[in-house]
């Protein structure tokens, strides 16, 4: 089940790209971190992935307005959506609560439009785009496990980077406290990562089940069962 209206989808996606571009340009301009440091934050990388994919998607549908998206495109979009929704969930439930104890300047930054755009608006718009405009039934059972590759590669990169440099504004080797081996030790960080991985697998299969349930055939079957 989805809205098969390319004009409406295009307007929504243009807005999504605009919000994402605004957030990225603004944070690179005023954050105080260097470009190399910012690329160590998962928020930045996942938003760049959204910007790149939806820019390509707009170009593709402009060139081929009457052609259905290939299945691989929807598979990649699932990975991009999973990655950016992870940004929202980790920020809102793990990182955001800690901001109440930081300085007024950091709290003001957390409330800034660019920060809200990158952590809330872009993830939610990406999720809504999938729910409204994508043909369902394209996710396979193995995909949620493959989607873990993006955050896993990022984690490996961050851990390797930590051995060679620190962040200029914080002095820490790590961008996020829950993977800070210097503070919590490798055992606790391993438990944190394991717990997060389990949550991500569950999240991935929630997306898979929603995708399965919203196919036209399965949706009709479910609807009929409820009205027997």
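Throughout, read-outs are computed from the coordinates displayed, never taken from laboratory work. Small disclaimer: the values here were computed from a predicted structure and weren't measured. In this analysis, Cβ positions are derived from the backbone assuming ideal geometry, glycine residues included, and neighbour counts consider all displayed protein chains.
Would you please give the FRET efficiency between residue 141 and residue 168, computed as 1/(1 + (r/R0)^6) with r the Cβ-Cβ distance and R0 = 30 Å, to the nearest 0.05? Walk me through the numbers on the way to the answer.
Details: r = 44 Å, r/R0 = 1.46.
Given R0 = 30 Å and the Cβ-Cβ separation, E is 0.10.
Mind sorting 193, 50, 80 by how few other Cβ atoms lie within 10 Å of their own Cβ, fewest first?
Placing the least packed residue first, the sequence is 193, 80, 50.
Simple spin-label model, 7 Å along Cα-to-Cβ: residue 52 to residue 194 in nm?
Here the modelled spin labels are 3.3 nm apart.
Relative contact order, percent, of region 6-226 when contacts are C-alpha pairs under 8 Å separated by at least 6 residues? Show your work: numbers first, answer last.
On the way: 166 pairs, mean separation 55.0, N = 221.
Normalised by residue count, the contact order of region 6-226 is 25 percent.
Mean projection of the alpha-carbon convex hull of region 1-109 over all orientations, in nm²? It would help to have the intermediate numbers written out before the result.
Numbers: hull surface 34.1 nm².
Computing the convex hull of the Cα atoms and averaging its projections yields 8.5 nm².
Per residue, how big is the convex hull of region 6-226 when only Cα atoms are used? Give it in Å³. Working shown, then result.
Working: hull volume 32.5 nm³, N = 221.
Roughly 147 Å³ of hull volume per residue.
What spacing in nm lies between the two simple spin-label points modelled at residue 108 and residue 186, each 7 Å away from Cα in the Cβ direction?
With each label placed 7 Å out from Cα toward Cβ, I get 4.2 nm.
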